[in-house]
Amino acid sequence: MAIEEASTLTTARSSSKRPAGTLYRGNTGMWSWVLHRITGVAIYFFLLVHVLDTAMIRVSPGAYDAVMSTYKNPIMGLGETALVIAIMFHAFNGLRIILIDFWSKGAKYQRLMFWIVIALWVIGTAGFAPIHLANVFSEGH
Amino acid sequence: MATATLDSPPAPAEAPIPTFTVTMMVRRFDPDVDEEPRWQDFDVEMYPTDRVLDALHKIKWEQDGSLTFRRSCAHGVCGSDAMRINGRNRLACKTLMKDLDITKPIYVEAIKGLPLEKDLVVDMEPFFASYREVQPFLQASSKPEKERIQSASDRARFDDTTKCILCAACTSSCPVFWTDGQYFGPAAIVNAHRFIFDSRDEASSVRLDILNDKEGVWRCRTTFNCSEACPRGIQVTQAIAEVKQAIMFGKR
């Protein structure tokens, strides 16, 4: 048994066996990282489109206005709401991560800081979303 | 006396000590037979003071001798029996039955991110390879007559990271390590920290250089899974943050 095990170590026979079991039950730290990654990727794709549509102003102001007017519909309005909510989480949690890395007590207070991030996020969303959605669904400001 | 006592081995007591039946769901894998790992459930009679390791022993000794797992000291010192218990990395010998929800099955599986060998045994070699790479030994040129003197506060500087038992609970709880096996992982950084901040050691700049790498400390995404998984209570993420700062601003 011991000899067999030693030989498997050297041949790395089982390298293709990737254990996929239960979901790892991480805590606030892990889920904040998951959310940070999801919002980060979403914001990245928005930025790609945003660079393109803003660049249209160099093509011609008319083209820019044409693109902008296609954004003025409820679906894009909901998308904008989601975008701002994602950016708010990413921004607040980004500050938390900076504090973890640079503030000597950051790691100690990471959980408290996570709940502060969530509180700021909820407050920010509550302040922004109703006003923005009212604008979107009343057609024009 | 109906309360549980500290007599962990089920000795025949005069007064009956309450027991309960626990369902253990164990993720089995026999490389000779199985293509994929599979879950198998066992019912075992346990005392509240028993540990998950005792349950595994009962299965192995009384129900299925083919169940394979590592354990040596069984008292949380050797670091052999790190496994994923109910979705979290724990030492089986330090996880008491009474601390788990026994109304539901207890899920036990191998730690994640290292090649699975059999049942709960993984190939630890990639883990130890990263450990060796950070040069986890004292490097000093002085040749003192008796000993290298160190003040109490200098000793306290790296006290937390001396506690590591190399069980791999931290490294295999790290989402970065699961997807990027090249990452040094928390345990290697912890053991580098132990010597980087040791006033007697002279090779801290070498270790900081090794860790100032694409696959070094900068891979850390501060998920704190490692700090929560560590059976010795080492503040792993804190240690990694200190190494990051030492690379950027020098040792403090």
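FYI, it's all coordinate maths here, none of it is from the lab. Keep in mind that this is a model prediction, so the values were computed, not measured. Please note: Cβ atoms are built from the backbone with ideal geometry, for glycine as well, and neighbour counts cover all protein chains shown.
Based only on Cα atoms, what mean projected area does the convex hull of the protein assembly as shown have, in nm²? Walk me through the numbers on the way to the answer.
On the way: hull surface 116.8 nm².
Taking a quarter of the hull surface, the average projection is 29.2 nm².
If neighbour count is taken as other Cβ atoms inside 10 Å, put B:226, B:73 in order from fewest to most.
Listed from fewest to most nearby Cβ atoms, that is B:73, B:226.
Given the -39500 (n - 2.57) contribution per DSSP H run of 4+ residues, what per-residue ellipticity at 222 nm results for chain B, rounded to the nearest 500 deg cm²/dmol?
The per-residue figure over chain B is -7000 deg cm²/dmol.
Output the Cα-based Rg and Dmax of segment B:20-122 in Å, rounding Rg to one decimal and Dmax to a whole number.
According to the Cα coordinates of segment B:20-122, Rg and Dmax are 12.7, 37 Å.
Please identify the cysteines of chain B that lack any partner cysteine with a Cβ under 4.7 Å from their own Cβ.
That list is B:93, B:164, B:167, B:174, B:220, B:230.
Ranked from highest to lowest mean number of other Cβ atoms within 10 Å per residue, what is the order of the peptides B:45-54, B:228-237?
Per-residue Cβ counts within 10 Å, averaged per peptide and sorted highest first, yield B:228-237, B:45-54.
Can you give the average number of partner chain beta-carbon atoms within 10 Å of each beta-carbon in peptide B:238-247, as a whole number?
3
Consider a paramagnetic label point 7 Å from the Cα of residue B:41 along Cα→Cβ; state which residues of segment B:60-77 have an amide N under 19 Å from it.
Label zone hits: B:60, B:63-64.
For a label point 7 angstrom out from the Cα of residue B:199 toward its Cβ, which stretches of segment B:230-251 have the backbone nitrogen within less than 16 Å?
B:251
Take the residue pairs B:94/B:251; B:163/B:244; B:146/B:214 and return only those whose Cα atoms are more than 30 Å apart.
From the list (B:94/B:251; B:163/B:244; B:146/B:214), the Cα-Cα distance tops 30 Å for B:94/B:251; B:146/B:214.
Take the Cβ-Cβ distance between residue B:248 and residue A:54 as r, set R0 to 22 Å, and report the resulting FRET efficiency rounded to the nearest 0.05.
The value I calculate is 0.05.
Would you mind checking the tilt of helix B:236-249 against the longest principal axis of the Cα atoms of chain B, expressed as 0 to 90 degrees and rounded to 10?
The angle comes out at about 10 degrees.
Top mean-square fluctuation among B:19, B:171, B:161, Gaussian network model of chain B, C-alpha springs under 10 Å?
Among B:19, B:171, B:161, the largest mean-square fluctuation in the Gaussian network model of chain B belongs to B:19.
Taking every residue in B:106-116, how many Cβ atoms of other protein chains lie within 10 Å of its Cβ, on average?
Numbers: counts 0, 3, 2, 4, 2, 2, 6, 3, 3, 10, 8.
Mean inter-chain Cβ contacts per residue within 10 Å come to 4.
Which whole number in µm²/s is D for segment A:27-137 by Stokes-Einstein, with the Kirkwood Rh taken over Cα pairs at 25 °C and 0.890 mPa s? Present the calculation step by step, with values, prior to reporting the outcome.
Details: Rh = 15.9 Å.
The estimated diffusion coefficient comes to 155 µm²/s.
Considering only C-alpha atoms, what is the centroid distance from segment A:39-73 to segment B:24-99, in Å?
One Cα centre to the other: 56 Å.
Simple spin-label model, 7 Å along Cα-to-Cβ: residue A:22 to residue B:60 in nm?
Result for the modelled spin labels: 2.1 nm.
Under a plain spin-label model, where a point goes 7 Å from the Cα along Cα-to-Cβ, how far apart in nm are residue A:126 and residue B:78?
According to this spin-label approximation, the distance is 5.5 nm.
Set the Förster distance to 45 Å, then compute FRET efficiency between residue A:68 and residue A:119 from the Cβ-Cβ distance, nearest 0.05.
The computed FRET efficiency comes out at 0.85.
What residue among B:159, B:209, B:34 shows peak mean-square fluctuation when chain B is described by a Gaussian network model with Cα springs under 10 Å?
Result for chain B, Cα springs under 10 Å: B:34 fluctuates most.
Let me know the mean shielding of A:107-116 by other chains, meaning the per-residue number of their Cβ atoms within 10 Å of its Cβ.
Across A:107-116, the average partner-chain Cβ count within 10 Å equals 2.
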